[in-house]
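Here the structure comes first, spelled out in structure tokens, and everything after it is commentary.
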Amino acid sequence: GYHMQEAGATADLELAYTLADGVEYIRTGIEAGLDPEAFVPRLSFFFAIGMPYLVEVAKLRAARWLWAKLLRGHFGLTSPKALMLRTHCQTSGWSLAARDVYNNVIRTLVEASAAVGGQTQSLHTNALDEALGLPTDYSARIARNTQLHLMGEAKAAHVIDPWGGSAAVEQLTRDLIIRAEEHIAEVDGLGGMAKAIDTGLPKQRIEEAATRAQAEIESGRQKLIGVNIFQPELAEGAEEVEILRIDNASVLDQQKTKLANLKRDRDDRAVETALRQLSDAAMGSRNLLEASVEAARAGATVGEMSDAMERVFNRHVAEIRGVTGVWRESVGEIALLKERIEAFEEREGRPPRILVAKIGQDGHDRGQKVVSSAFADSGFEVVIGPLFQTPEEAASLAVEKAVDVIGLSSLAAGHLTQVPELKAALKAAGGDEVEVVVGGIIPPGDIPVLESHGVAAVFPSGTMISEAALDLMDILGKRRNRA
């Protein structure tokens, strides 16, 4: 469930799709010959906890009630041990702001308190600086102490269902159950969660919700302290807190050295045998985890094991579809932006064209999808790149689609390595004229480094999309003047 809320799901969508996933796992286990009374108690869930305090408390209460109902109704389970929902929770990463970051301590406390009030069994609290980069020891200590205060000094975890009987929470719980049951029925009507995912329905629902939520912030209807109200005044490039700095090039070199040493010292024949057995297991009914463990013990790398299974299963290629209409409906048209796009279209004979790209192992695509939807509704032609592209693949796609600009979404601290590689790949592919901009979790100290590599603009977390779009039109206008 956590990744669903982080991707934009509302509480009812997260609740419904998470439990529908659980039902799909049980069906698969039964088809494999497992006894549900034996393995269902070993299932656990993972929910995100956002800022709407009472809604999040109600969500966890609704999850317990609904899970027991689904197990009784779908599978006839009755034992209390099987019917009990076990869950881990994590405070929201999306709610963290890059500006006025000490507000994030309060946000995390509110969310952690809601998780405890909803009776989570375990909890992860995010650090105050995670909208800027990886947490420092200082910020991680504050995150840990948030839990210690709730558990030890506040004794918030010592009461069973502390919100039970509250008129507001009971009503919210009932409302969430009703809405979640409607979503679950829709999924069941498609044949279960796996088949629903194949249709793209859950993805579409979540992306629509994410776009709507960002539009609420852009329009000012959703107030965020330090983001769109009560904004602090900081000197350009100033850092509110110390940022943990990682030498990406050094880490990459170390990893390459470790892999080289591993491949030098291992028994290649044993590795080949283990990988062949893994492929055989994928074709048959043998447990894949067992075969993977044996391959790892023989010295096979994760990439080699993935390749061994991919030869049998092939690699899933998700259908990329943008959400249209939601942004325009919520925000409306911005006159100045519309004017500049129309001027560009009159001059070039087409709208401005942007590739919104994800490079490397960064699988966080909420920002990519919301930006793509907003830009498309604003009049841009948008190409949405697939996840996990290499710089060369992104450059090739940009040249193939004749885009004016690549917007690189970076949420996993890879931009200092990826941008130089992308620029080099563009040059090699004949795409020197393509502008590159970067958005996402960008520490202030990284901005001048990115600019030195030829990045035309950097849009850190919290940048309003409409402002970024206007800046892009300025960049494209300057490029024309240079030509």
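Bear in mind these aren't lab numbers, they're just calculated from the coordinates by the rules spelled out. Please read all numbers here as calculations on a predicted model, not as lab measurements. In this analysis, Cβ positions are derived from the backbone assuming ideal geometry, glycine residues included, and neighbour counts consider all displayed protein chains.
Below is a table of values for the structure above.
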| item | result |
| --- | --- |
| Region 2-199: Cα Rg divided by the 2.2 N^0.38 Å rule of thumb | 1.07 |
| Residue pairs, from the table K203/K369; K69/K203; K358/K401; K369/K401; K203/K358; K358/K427, whose Cα atoms sit over 21 Å apart | K69/K203 |
| Relative packing of peptides 92-98, 387-393, 9-15 - highest average C-beta neighbours within 10 Å first | 9-15, 92-98, 387-393 |
| Modelled label reach - D253, point 7 Å along Cα→Cβ, region 412-429 residues with backbone N closer than 19 Å | 414-421 |
| Kyte-Doolittle mean at least -1.0, axial Cα span of 24 Å or more - DSSP H helices of the chain | 11-31, 53-75, 167-189, 201-219, 465-482 |
| Label point at R479 placed 7 Å out along Cα→Cβ; residues across region 386-405 whose backbone nitrogen lies under 15 Å | 395-405 |
| Two-decimal Rg to Rh for region 146-187 - Kirkwood Rh, Cα set | 1.22 |
| Local net charge near S410, Cβ-Cβ under 11 Å (Lys/Arg +1, Asp/Glu -1) | -1 |
| Rg/Rg_ref, the chain, where Rg_ref = 2.2 N^0.38 Å and atoms are Cα | 1.06 |
| Around L34: net Lys/Arg minus Asp/Glu count, Cβ-Cβ under 13 Å | -1 |
| Rg/Rg_ref, region 340-406, where Rg_ref = 2.2 N^0.38 Å and atoms are Cα | 1.15 |
| Packing-based ranking, highest mean first, of 340-346, 351-357, 211-217 given that Cβ atoms within 10 Å are counted | 351-357, 211-217, 340-346 |
